[in-house]
Amino acid sequence: MEIKIVIKQIKQFLILYLLVFLGCLAIKLFFSKSTIYFTVNHWHTDFTDVIFPYITDLGEGWTTIFICVVVVLFNYRNALLLATSYALTSIIAQIIKPIFNAPRPILYFKDQLANIHLIKGVQMLSHNSFPSGHTVTAFTTALVGTYLCRSKNWGYLFLLLAILVGFSRMYLSEHFFEDVTAGSLLGVFLTIFWLAWLDSRKFLQTTKWNRGLLKPAKTN
């Protein structure tokens, strides 16, 4: 029952995400890992070389932590939902990474580095490519944001930003298409199940938890 409530709150976000996900599956069905990678890598401009390193930072854990700090000023419940969702999905992603120990593009294509466009100043990693942690965090944060916002139209913007973070990981040659797609799936569905469980706890519905540091409890 709780899952139905969560899905109802994020319905617009979820429908659009599933359409995008199905599109990703179609791309994977018709194109190889290398073809997808080099198609993305060969599409670059001076402007996108500058902007995508900043976009990718939206998927950093510190970005979500900063948002949590801001949210706690206004609502403890909302901050807890976001912080714990981030903690859960990021921990699971970090557990999965060494299990697969998948090589990142710079290692996978080590014999073709001359054909790869790399962004100056971006630190290149070589291992634990699957799944993309930045993408997991971006989609987790986007989904929780959609769930908590009164106007669900914000979900469209949040989803777009999460997609851009995922694309930025491929653009910067930090991850493959498969890493990003799996990361989005983990971020979305783990978060749905977590919100369904946690937000159904009675203590989160109390007045104490629905205030923040700048919104003290009312006194008689």
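The values are calculated or read from the model by the stated rules, or taken from the named source; none is laboratory data. Model, not experiment: these values are computed from the prediction. Here the Cβ positions follow ideal geometry from the backbone for every residue, glycine too, while neighbour counts run over all protein chains shown.
Where helices (runs of 4 or more DSSP H) sit wholly within segment 1-103, those with at least 1 residues that are more than 30 Å from LEU204 (Cα to Cα) occupy 11-30, 33-41, 46-56, 76-100. Scanning segment 1-42 for residues that are touching a residue at least 12 places away in the same chain (Cβ under 8 Å) and aromatic (Phe, Trp, Tyr) returns PHE13, TYR17, PHE21, TYR37, PHE38.
Looking only at segment 1-53, how many residues end up being of a type in the set (S, T, N, Q) and within 18 Å of GLU178 (Cβ to Cβ)? Residues flagged as of a type in the set (S, T, N, Q) and within 18 Å of GLU178 (Cβ to Cβ) within segment 1-53 amount to 5.
One residue stands out in segment 74-106 among those that are small (Gly, Ala, Ser) and in contact (Cβ under 8 Å) with a residue 60 or more places away in the chain: the one that is farthest from SER34 (Cα to Cα), namely ALA79. Can you list residue pairs whose Cβ atoms sit under 7 Å apart, with the first residue in segment 115-131 being closer than 14 Å to PRO53 by Cα and the second being at pLDDT 95 or above and among the charged types (D, E, K, R)? Count only pairs 6 or more apart in sequence or on different chains. Cβ pairs passing all conditions: ILE119/ASP49.
Checking each residue in segment 178-190 for being in contact (Cβ under 8 Å) with a residue 12 or more places away in the chain and either in contact with a strand residue (DSSP E or B) (Cβ under 8 Å, 6 or more places away or on another chain) or not acidic (Asp, Glu) (or both) picks out VAL180, THR181, ALA182, GLY183, SER184, LEU185, LEU186, GLY187, VAL188, LEU190.
Scanning segment 129-155 for residues that are within 17 Å of the chain's Cα centre (by Cα) and not in a helix (DSSP H, G or I) yields SER129, PHE130, PRO131, SER132.
Of the residues making up segment 171-220, those that are assigned to a loop (DSSP other than H, G, I, E, B) and basic (Lys, Arg) are ARG201, ARG211, LYS218. Only one of the numbered conditions (1) of a type outside the set (Val, Ile, Thr); (2) surrounded by fewer than 23 Cβ atoms within 10 Å (Cβ to Cβ); (3) touching a helix residue (DSSP H, G or I) at 6+ places or on another chain (Cβ under 7 Å); (4) under 30 Å from ASN210 (Cα atoms) is not met by SER151, and that is (3).
Given PHE193, PHE158, PHE139, which one is in contact (Cβ under 8 Å) with a residue 12 or more places away in the chain and either under 27 Å from PHE30 (Cβ atoms) or touching a His at 6+ places or on another chain (Cβ under 7 Å) (or both)?
Result: PHE139 is the single residue among PHE193, PHE158, PHE139 that is in contact (Cβ under 8 Å) with a residue 12 or more places away in the chain and either under 27 Å from PHE30 (Cβ atoms) or touching a His at 6+ places or on another chain (Cβ under 7 Å) (or both).
The single condition among (1) modelled with pLDDT of 95 or more; (2) closer than 14 Å to GLU174 by Cα; (3) in a helix (DSSP H, G or I) that LEU113 does not meet is (1).
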